[in-house]
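Down below is the structure, laid out as structure tokens.
The values are calculated or read from the model by the stated rules, or taken from the named source; none is laboratory data. Bear in mind that the values here come from a model prediction, so they are computed numbers and not experimental data. Ideal geometry is used to build each Cβ from the backbone, glycine not excepted, and the neighbour counts take in all protein chains shown. To get the accessible areas, we keep the full protein, side chains included, count just its heavy atoms, and leave off ligands, DNA and RNA. Shrake-Rupley method; radii C 1.70, N 1.55, O 1.52, S 1.80 Å.
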Amino acid sequence: MLSASCAIMRRAAMLAVAMLLFAVPANAHVGSPNVFYEGDAGPYHLFVTVNVPAVIPGVADVQIRADSNDVRQVSTAVTRLAGAGSQYAPVPDVANRSPIDPHLFTSSLWLMEYGSMRVLINVAGARGSAQMSVPVPSAARRMLPMPPALGALLLTLAIGLALGAISIVGGAAREARLAPGAFVTPELKRRGWRAMALMSVITAAIFYLAFAWWNSDARSYAAVTKLFKPPKLALTLVDGNRLAIRPSPDDKDWLRFGVMDTIVPDHGHLMHLFLVRMPALDRIWHLHPARQPDGSFVDTLPSVEPGHYTVFADIVGQTGFPWTLVGSIDLPAINGTPLSGDDSGGQALPLTSSSNSSLDVLNDGTHVIWQRASSTLKANAPTILRFEVQDQNGKPATDVEPYMGMAAHAEIVSSDLQVFAHIHPSGSVPMAALMMVSSNSSDSIAGMNMPDMNMNPGASTAPISPDLSIPYGFPTPGHYRIFLQFKRANKIETAYFDTLVN
């Protein structure tokens with residue numbers, strides 16, 4: 001029993017160490033798991049970053065930056081996004097104000113379960129009290145190894161306790177019934193040795209069972225129910241220009257969970273499909289396939305250049321959890337149909353190790369400028385990507401209008417494809433999840449007034465500001481390409497920018 005206790009203590013120690021390690025800043029995204037959100041809590045404009053832990057249970061690091069100087073206190077709590085318990089938040093923790101930057105508040109929150117959560121932010125200031133909710137997908141992404149020194153220490157202690165237990169049992173069998181001052185007879189010695197041998201077998205069995213349980217638990221944790229991995233797509237070209245999209249039959253774990261079975265619209269579409277030509281990253285398509293009666297999706301492709309394409313499919317589950325499914329396909333030259341509706345495409349020069357840009361001039365003369373605050377970007381640093389759209393004469397464009405209910409959409413891709421993120425001016429949070437936060441019920445999303453939530457792609461064509469800002473944080477060093485998509489005079493445009501992140 002002592003050995004089993006040691007095994008439990010070893011597992012607890014490993015979990016404790018894992019909980020202390022956080023993911024880097026950056027989840028329907030690939031390699032960019034953390035949450036960025038910019039919005040208003042009543043009269044206070046906030047930029048929120050939630051660094052989701054790599055293991056669950058784990059500690060999320062929350063950063064809240066206020067635009068104004070009149071915020072006195074910020075507190076945070078975490079609840080489920082919707083369903084049972086979502087309306088009952090725990091006592092909030094008061095965030096710490098930075099002694100260097102009075103606009104910055106930080107706090108730490110435990111994420112104790114998997115699924116769609118929300119961080120509840122309470123703000124108190126000169127203009128009263130206000131509240132904001134930020135949806136957060138909670139899922140473990142990796143297993144952390146036991147540090148060798150800690151493992152050796154715990155194993156040594158377990159062996160010491162086991163030897164002590166064997167010695168105690170042997171002594172008890174040999175001398176427990178012996179009168180005070182009496183000598184130990186050979187028979188009593190043999191009894192003690194037999195007891196120690198039996199206890200050694202029992203201890204060895206406990207060690208074996210403890211390690212078997214440990215390994216089984218580790219395998220269970222690494223399984224799909226515990227460890228998040230992007231689901232795989234199966235892609236098939238049908239009739240020369242129709243792309244069929246369904247979960248890969250090789251990804252049996254995700255098949256049994258039916259990831260694509262219970263999904264809700266996001267920005268007016270059930271799926272946002274992105275085709276990126278590799279390895280040059282010189283072509284991107286942003287399409288919206290139609291769902292079929294069998295649950296698969298099909299899209300009639302536009303005219304596509306031949307090549308090897310990596311495919312990302314963004315969907316949102318009925319609980320608000322975002323998914324990005326990943327696949328690839330080799331396409332021939334396709335003589336397809338013209339783009340229509342919200343479908344769009346963009347082209348760029350091949351990405352190279354020296355690519356770096358802050359200006360893109362489009363075919364119609366539109367200028368798009370990336371207004372970098374610094375020439376050097378750093379990984380794990382939350383930032384605001386700021387762009388300006390100018391007309392052919394270099395003046396701020398007056399005919400920029402919403403694209404699928406947002407001022408802009410951006411796709412950020414790393415050169416090694418380890419990072420893909422589809423983000424917007426509100427951040428990386430799906431609009432469908434924000435709608436659920438507003439209604440606090442996943443059951444009511446189908447009946448919500450989408451124009452009121454600025455979700456209907458055709459809800460508004462009124463001109464908006466040509467200044468576009470998108471919150472994000474590059475999760476790892478490397479070369480990145482940013483595809484910026486916006487709508488000008490009822491035409492969807494795609495600009496691109498390259499950058500090196502240190």
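So here's what we get for this one:
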quantity	calculated
G341 open to solvent by less than 10 Å² (accessible area, probe 1.4 Å) and not in a strand (DSSP E or B)	no
Answer from A77, A140 - the residue that is small (G, A, S), out of contact with any helix residue (DSSP H, G or I) (no Cβ under 9 Å at 6 or more places or on another chain) and open to solvent by less than 50 Å² (accessible area, probe 1.4 Å)	A77
Residue pairs meeting the criteria (Cβ under 9 Å; at least 6 apart or on separate chains; first closer than 28 Å to T319 by Cα and open to solvent by less than 70 Å² (accessible area, probe 1.4 Å), in region 82-101; second among the small types (G, A, S) and part of a loop (DSSP other than H, G, I, E, B))	A82/G320; A82/S441; G83/S441; S86/S441
Count of residues meeting criterion [open to solvent by less than 60 Å² (accessible area, probe 1.4 Å), modelled with pLDDT under 70 and out of contact with any helix residue (DSSP H, G or I) (no Cβ under 7 Å at 6 or more places or on another chain)] in region 224-236	1
Candidate set from region 32-90 (those that are part of a strand (DSSP E or B) and among the acidic types (D, E)); member that is farthest from P137 (Cα to Cα)	D40
Cross-chain or 6+ apart pairs with Cβ under 6 Å, region 122-149 first and closer than 30 Å to M436 by Cα, then among the small types (G, A, S) and not in a strand (DSSP E or B)	A130/G42; P135/G320; P135/A433; R141/A54; R142/A54
Residues (in contact with a Ser or Thr (Cβ under 6 Å, 6 or more places away or on another chain) and not hydroxyl-bearing (S, T, Y)) located in region 318-333	Q318, G320, F321
Flag for L178 being under 30 Å from V30 (Cβ atoms), at pLDDT below 85 and outside any helix (DSSP H, G or I)	no
Filter result for A204 (among the aliphatic types (A, V, I, L, M) and surrounded by 15 or more Cβ atoms within 10 Å (Cβ to Cβ))	no
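Residue-wise test of (1) open to solvent by less than 10 Å² (accessible area, probe 1.4 Å); (2) among the hydrophobic types (A, V, I, L, M, F, W, C).
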{"residue": "P265", "(1), (2)": "no, no"}
{"residue": "H272", "(1), (2)": "yes, no"}
{"residue": "H286", "(1), (2)": "yes, no"}
{"residue": "F297", "(1), (2)": "yes, yes"}
{"residue": "L301", "(1), (2)": "yes, yes"}
{"residue": "G307", "(1), (2)": "no, no"}
{"residue": "I315", "(1), (2)": "yes, yes"}
{"residue": "A333", "(1), (2)": "no, yes"}
